[in-house]
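> One structure follows; several queries about it will come next.
The values are calculated or read from the model by the stated rules, or taken from the named source; none is laboratory data. Note that the coordinates shown come from a computational prediction; the quantities given were computed from them, not determined experimentally. Note that we place each Cβ from the backbone using ideal geometry, even for glycine, and neighbour counts take in every protein chain shown. For accessibility, only protein heavy atoms count, side chains too; no ligands or nucleic acids. Shrake-Rupley method; radii C 1.70, N 1.55, O 1.52, S 1.80 Å.
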Amino acid sequence: MLEALCFANAELELGAKVVVLSRDVKKFAGKAPHLASDSAIELLAGDINSVEFPPGHFSHVLHAALDYCAPLALFLNVVDATRRTLEFAVRCGARRYLLTSSGAVYGRQPPDLTHVSENYVGAPTTTDLRSSYGEAKRGSEFLCAAFHAEHNLHTTIARGFAFVGPYLALNQGLAIGDFIGDAMNGRAICINGDGTPRRSYLYGADLAIWLWTILFHGTPARPYNVGAEPDFSIAEVAQIVTEEVNPHATVRIAHKANPAEPAERYVPSTQRARSELGLKEWIDVREGVRRTAAWNKLRKH
């Protein structure tokens, strides 16, 4: 989102300014020196759950902070961070607020539901500690609705699914990222399961467009799924990566698929974002994989 903002700021002479909260300002500057040195960006060091927010007026507040930790701490941190940023948005006179939520709010997607929509009323299992993230995002969305009702703050909600593109970690257990990293480095692509789970991937530049559009034009307290609709099995994703990044890479699947078992799915319906906000996918998954690999190769030099 910062890449898009800085580009638009320069091209269109918007005169926009943004304060970016970072737990580690030096690490941020090392990762993206061109952003850290941009005159439109002011870096603020601190943690979302304890930082003293800056004084003055801000027109928009974007909350995308997350720090993975143990289930209880994760739940409390996520909900409290949302509360604090919402209170700050009210205090600083912001017109609009964006929460980056998650498709995890739906819980396990039924295998016969090919694309889950915002109207689906499923939810994570409340007593399953693995539901910590999804439950925390559900609580955060409730806070957005409550602040909209009580303070007339235009809170917008983006439920993210899976993505590919620049800045995606290539070694942190995210399937498509790990596959690209392995293919680039001549390693075999290893699938620990049976390769049948189905995913879809929205490219990072499209993601930025979707999030900015939801922030500016989304209906307050109305969630929008953010992701791609064309879905692929994990085995198919691995094959796409080999074809687009390294045709010599091999794919190893740890377990044989059971034809009687329906495939697990994590795929959104994005009809609401398409019909209400005019959004679409501009970059398909193959082009997204190519661009992600090319971007990472450039960063090595």
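> How many residues, within the range 173-184, are at pLDDT 95 or above and open to solvent by 20 Å² or more (accessible area, probe 1.4 Å)? Explain how you work it out, then say what you get.
Step one: list which residues in the range 173-184 are at pLDDT 95 or above, which gives 175-184.
Pick out the ones that are also open to solvent by 20 Å² or more (accessible area, probe 1.4 Å) and you get 175, 178, 182, 184.
Adding up the residues that qualify gives 4.
> Something else now. I want to confirm something. Restricting to the range 58-83 and keeping residues that are among the charged types (D, E, K, R) and over 17 Å from the mean Cα position of the chain (by Cα), which single residue is least open to solvent (accessible area, probe 1.4 Å)? Full working, then the answer.
First, pick out the residues of the range 58-83 that are among the charged types (D, E, K, R): 67, 80, 83.
Then drop every residue that is not over 17 Å from the mean Cα position of the chain (by Cα), which leaves 80, 83.
Values: Asp80: 48, Arg83: 85 Å².
Among those that are among the charged types (D, E, K, R) and over 17 Å from the mean Cα position of the chain (by Cα), it is Asp80.
> Kindly indicate the residue of the range 185-211 that is open to solvent by 30 Å² or more (accessible area, probe 1.4 Å) and assigned to a helix (DSSP H, G or I) and also nearest to Val289 (Cα to Cα) among those meeting that condition.
Ala205
> Turning to a different aspect of this structure: For the range 1-98, please list each of the helices (runs of 4 or more DSSP H) lying entirely inside it that holds at least 1 residues being more than 28 Å from Arg299 (Cβ to Cβ).
Values: elements: 2-12, 25-31, 33-36, 71-91.
Passing ranges, in order: 71-91.
> Something else now. Exactly one condition in (1) more than 15 Å from the chain's Cα centre (by Cα); (2) more than 21 Å from Val90 (Cβ to Cβ) is false for Phe147; which is it?
(2)
> Can you tell me which of (1) surrounded by fewer than 18 Cβ atoms within 10 Å (Cβ to Cβ); (2) within 29 Å of Arg272 (Cβ to Cβ); (3) of a type outside the set (D, E, K, R) is the one Val19 doesn't meet?
Evaluating Val19 over (1) surrounded by fewer than 18 Cβ atoms within 10 Å (Cβ to Cβ); (2) within 29 Å of Arg272 (Cβ to Cβ); (3) of a type outside the set (D, E, K, R) leaves (2) as the failure.
> Could I ask something else about it? Residue pairs, Cβ under 8 Å, 6 or more apart or interchain, first in the range 107-125 and outside any loop (DSSP other than H, G, I, E, B), second open to solvent by less than 70 Å² (accessible area, probe 1.4 Å) and among the aromatic types (Phe, Trp, Tyr). List them.
What qualifies is Gln109/Tyr266; Val116/Tyr106.
> May I ask you to list the residues in the range 233-259 that are in contact with a strand residue (DSSP E or B) (Cβ under 8 Å, 6 or more places away or on another chain) and open to solvent by 50 Å² or more (accessible area, probe 1.4 Å)? Break it down into steps so the answer makes sense when it comes.
Here is the first cut: in the range 233-259, the residues in contact with a strand residue (DSSP E or B) (Cβ under 8 Å, 6 or more places away or on another chain) are 233-235, 237-242, 249-254.
Gln239, Thr250, Val251, Arg252, Ile253, Ala254, listed by residue number.
> Then there is this: For Arg274, only one of the following conditions fails: (1) in contact (Cβ under 8 Å) with a residue 24 or more places away in the chain; (2) within 20 Å of the chain's Cα centre (by Cα). What is its number?
It is condition (1) that Arg274 fails.
> Of everything in the range 200-227, what is of a type in the set (A, V, I, L, M, F, W, C) and under 16 Å from Gly103 (Cβ atoms)? Give them in sequence order.
First pass over the range 200-227, keeping only residues of a type in the set (A, V, I, L, M, F, W, C): 202, 205, 207-212, 214-216, 221, 226.
Hits for the range 200-227 are Leu202, Leu207, Trp210, Leu211, Ile214, Val226.
Matching residues to (1) basic (Lys, Arg); (2) at pLDDT 95 or above; (3) not in a helix (DSSP H, G or I):
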{"residue": "Glu229", "(1), (2), (3)": "no, yes, yes"}
{"residue": "Ala238", "(1), (2), (3)": "no, yes, no"}
{"residue": "Glu276", "(1), (2), (3)": "no, yes, no"}
{"residue": "Arg286", "(1), (2), (3)": "yes, yes, no"}
{"residue": "Arg291", "(1), (2), (3)": "yes, yes, no"}
{"residue": "Leu298", "(1), (2), (3)": "no, no, no"}
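> In contact with a strand residue (DSSP E or B) (Cβ under 6 Å, 6 or more places away or on another chain) and either under 30 Å from Phe232 (Cβ atoms) or at pLDDT 95 or above (or both): which single residue out of Ala81, Ala64 fits that description? Full working, then the answer.
Numbers: Ala81 fails: in contact with a strand residue (DSSP E or B) (Cβ under 6 Å, 6 or more places away or on another chain).
The conditions single out Ala64.
> Residues in the range 214-225: is at least one of a type in the set (Ser, Thr, Tyr), surrounded by 18 or more Cβ atoms within 10 Å (Cβ to Cβ), in a helix (DSSP H, G or I) and on the phi < 0 side of the Ramachandran plot? Before the answer, list the steps.
First, pick out the residues of the range 214-225 that are of a type in the set (Ser, Thr, Tyr): 219, 224.
Restricting the remaining residues to those that are surrounded by 18 or more Cβ atoms within 10 Å (Cβ to Cβ) gives 224.
With the extra rule that they be in a helix (DSSP H, G or I), the set shrinks to none.
No; the residues of the range 214-225 include none that is of a type in the set (Ser, Thr, Tyr), surrounded by 18 or more Cβ atoms within 10 Å (Cβ to Cβ), in a helix (DSSP H, G or I) and on the phi < 0 side of the Ramachandran plot.
> Still on this structure, I have one more. If only one of Ala4, Ala40 is farther than 23 Å from Gly56 by Cβ and surrounded by 13 or more Cβ atoms within 10 Å (Cβ to Cβ), which one is it? Walk me through how you get there before you give the answer.
Details: Ala40 fails: farther than 23 Å from Gly56 by Cβ.
None of the others qualify; the one that does is Ala4.
> I would also like to ask the following. Consider the range 84-114. How many of its residues are surrounded by fewer than 18 Cβ atoms within 10 Å (Cβ to Cβ) and closer than 30 Å to Ser233 by Cβ?
6
> So, one more: When residues of the range 129-171 are filtered for being open to solvent by less than 40 Å² (accessible area, probe 1.4 Å), outside any helix (DSSP H, G or I) and among the hydroxyl-bearing types (Ser, Thr, Tyr), how many remain?
Residues flagged as open to solvent by less than 40 Å² (accessible area, probe 1.4 Å), outside any helix (DSSP H, G or I) and among the hydroxyl-bearing types (Ser, Thr, Tyr) within the range 129-171 amount to 2.
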